[in-house]
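> Shown below is the structure under consideration.
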């Protein structure tokens, strides 16, 4: 089996709705696909006490994250009959209401696409070295914790 | 003998720096010992160590010029 260079999943800034639309459009020629499953993560304006989250600043240990994402991708492809799987995660400052994660799984049938999409989201949240600093409107901050 | 230490997330608030060179540490236990004496707050915060991008839990020997990362709990997505 040949070694493939891990795909870059990171994008600077928010993921635009037009990028997501284009991504869907690009699959038009792949007529073996019968179902897509898409997960979009959006920056939530959490309220903590009197403070509201204005944005999240994402950082990552990028090289390590890409290696681990490659392993996750191989495992997901081995487990589900997928046509393709795309993952995009934001880095940098993302305002509340913007999209920071886009996972897109496609398969001949819906169940594989939906299960693969969900499992990919769960695994990447648990396994990728990514951190988020929640910046409040008053410019103080708190490090985000995944639950 | 020196290693390149890179630091992420909340741990940067404790060390005040995202990267530093550490001298005279033969393994990850000695690294932790040196870090905890320099930054006492680190000992009460959870993190894992990655040596050359591999997470290690047991004490692990370090080589000259290794890149060692301190990783606090992940919060992607």
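Taken together, the values in this text are just the output of simple stated rules run on the coordinates, not laboratory data. Nothing here was measured: the structure is a model prediction, and the numbers come from that model. Every residue, glycine among them, receives a Cβ derived from its backbone with ideal geometry; neighbour counts consider all protein chains shown.
> Summing -39500 (n - 2.57) over the DSSP H runs of n ≥ 4 in the protein assembly as shown and dividing by its residue number, what mean residue ellipticity at 222 nm do you reach, to the nearest 500 deg cm²/dmol? Show your work: numbers first, answer last.
On the way: 5 runs with 61 residues, N = 224.
Estimated from H runs of four or more residues: -8500 deg cm²/dmol.
> Using the C-alpha atoms of the stretch A:10-143, what convex hull volume per residue, in cubic angstrom, is computed? Provide the component values of the computation, followed by the final result.
Working: hull volume 14.0 nm³, N = 134.
Convex hull volume per residue, Cα atoms: 105 Å³.
> Right, something else. Got a sec? How would A:131, A:143 order by Cβ neighbour count within 10 Å, fewest to most? Walk me through the numbers before you get to the answer.
Values: A:131 25, A:143 16.
Fewest-to-most ranking of A:131, A:143: A:143, A:131.
> Can you give the direction-averaged projected area of the convex hull of the alpha-carbon atoms in chain B, in nm²?
Values: hull surface 19.4 nm².
Projected over every direction and averaged, the Cα hull of chain B covers 4.9 nm².
> Tilt of helix B:28-38 relative to the longest C-alpha principal axis of chain B, in degrees (0 to 90, nearest 10)?
Roughly 60 degrees between the two axes.
> Using a 7 Å offset from the Cα along the Cα-to-Cβ direction at both residue A:145 and residue B:41, what is the distance between the two label points in nm, to one decimal?
With each label placed 7 Å out from Cα toward Cβ, I get 1.6 nm.
> Share of antiparallel DSSP beta bridges in the protein assembly as shown, in percent to the nearest 5? Mind showing how you got there, number by number?
On the way: 45 of 52 bridges.
For the protein assembly as shown, the DSSP antiparallel bridge percentage is about 85.
> Another question, if that's okay. Taking the alpha-carbon centroid of each part, what is the distance from the stretch A:23-58 to the stretch B:38-77 in angstrom?
The distance from the Cα centre of the stretch A:23-58 to that of the stretch B:38-77 comes to 30 Å.
> For the protein assembly as shown, divide the Cα radius of gyration by the Kirkwood radius and give the resulting Rg/Rh value with two decimals.
Details: Rg = 19.6 Å, Rh = 19.2 Å.
Reported Rg/Rh (Cα atoms, Kirkwood Rh): 1.02.
> Hey, could you pull the Cα Rg and Dmax for the stretch A:89-132, both in Å?
12.7, 36
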